[in-house]
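Working notes, structure below.
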Amino acid sequence: MAEKFNPKYSFAAISSLYVALILTVAVGAFLLSFSDASIWWILLFAVVAFFISFFIIQFRIEKFIFRRVKKIYDDVRLLDETSLAQAPITTDMKVLTREVEKFARDKKLEIEALKIRENYRKEYLGNISHELKTPLFTVQGYILTLLDGAMKDKSVRKKYLKNASKGVERLIYIVKDLDMISKLEVGDLNLNYEEFDIVKLVKGVFELLEMKAAKKNIVLTFDKDYPEKILAYGDREKIQQVVTNLIVNSIKYGKENGTTEVSIESFIKNKLMVRVTDNGEGIEKQNMHRVFERFFRVDKSGSRKEGGSGLGLSIVKHILEAHKEKIYVESQFGIGSEFSFTLEKAK
């Protein structure tokens, strides 16, 4: 390995100056006491003493230090070859200390990031195993019951097979959502761009979810009348899924006798802003940054009974990112939430 050495001369120069000064005073005093030596000879001795001292300190002692400092660099490079491989080796203690401190800070941040990722991985695996385990055990339970003799009773057989079918449907729903997220993440999901009326799309979602909202007596409404078309540009089917997931989420976490309101407004010259606002339970501040994580649920206990894969908001985020659009969330715990996203206007 070719070494680059960045020497520093200040330490050697100052040390040599001290040595030369002490030797000159001692030798000068001796010569002046026992001979008639010229002051010029004393000054010449001082200069020679300085350079000899400088040579010894700079090229001997510093070389000794260099070998030990080089070992520190080599040890550090074993851990982080990319950031230090091109750095010149220096014997300047300030520079060395600064580099080692920077290395330590970077490694500390890296370790903290790895710990966060490891915790997320554990939580994610726990969530996905729970989501898959529940319908799997349900299906298994009904099938085993049927095999144990319940199959002979026609009414029980039909009921259990229907329940087992629902469990299978839930598994398929989860797997499909996971497949979609995976495709979105690797850019493998083709988007079919077209012009469409976003008002008509939202009305269609309202009609689709009307019965689901009616179970909690939640009103699905616009913030005002939209008598004219508002044309957007994007994948109509995927944007419909975005709106559907956001409204389903607002119903799931909405209060009885509440409302879910959708507004559409011009954002900037070529963008629309679609807002979905509810007066539900809201999101606590510490959970705001996690709402788009896979399987993350704000309400760990009650939300599972509402069904769904736990992937709705994560899918929303990935679909909008595939459109190169943004999604925002504002929420106040106990008061409600607002999810808003941008969408390109039709030209």
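Quick notes on this structure:
- Amide hydrogen neighbours beyond the local backbone of ASP235, cut-off 5 Å, H modeled: GLU194
- Remark: relative contact order (the range 193-345) = 26 percent; criterion is Cα-Cα distance under 8 angstrom and separation of 6 or more residues.
- Integer Hz, Karplus 6.51/-1.76/1.60 couplings in order for the range 274-290, x for Gly and Pro: 10, 10, 10, 10, 9, 10, x, 7, x, 10, 5, 4, 5, 9, 4, 6, 10
- Counting all C-alpha pairs of the range 117-185, share separated by more than 21 Å (%): 41 percent
- Residue by residue, the range 234-250 carries 3J(HN,Hα) couplings of x, 7, 4, 5, 6, 5, 4, 5, 4, 4, 4, 4, 5, 6, 4, 5, 5 Hz when phi is fed to the Karplus relation 6.51 cos²θ - 1.76 cosθ + 1.60 (θ = phi - 60°); x denotes Gly or Pro.
- Dimensions in Å of the range 193-345 - Rg and Dmax from alpha carbons: 14.7, 44
- Extension gain for GLU284-LYS154 works out to 41.9 nm (0.36 nm per residue, less the C-alpha to C-alpha distance).
- For the set LYS176/LYS200; LYS200/LYS238; LYS285/LYS317, the pairs lying more than 23 angstrom apart at their alpha carbons are LYS176/LYS200.
- From most to least packed by mean Cβ count within 10 Å, the peptides 42-52, 245-255 give 245-255, 42-52.
- Cβ crowding within 10 Å, taken as a proxy for footprinting-reagent exposure, orders VAL19, VAL242 from fewest neighbours to most as VAL19, VAL242.
- Residue-by-residue Karplus 3J(HN,Hα) for the range 41-49, coefficients 6.51, -1.76, 1.60, Hz, glycine and proline x: 5, 5, 5, 4, 4, 4, 5, 4, 4
- Residue-span extension gain [SER38 to ASN257] - 0.36 nm each, minus C-alpha spacing: 67.9 nm
Any read-out appearing in this document is the output of simple, stated calculations on the displayed coordinates, not a laboratory observation. Computed from a predicted structure; not experimentally measured. For neighbour counting, all protein chains shown are included, and Cβ atoms are generated from backbone atoms with ideal geometry for every residue, glycine included.
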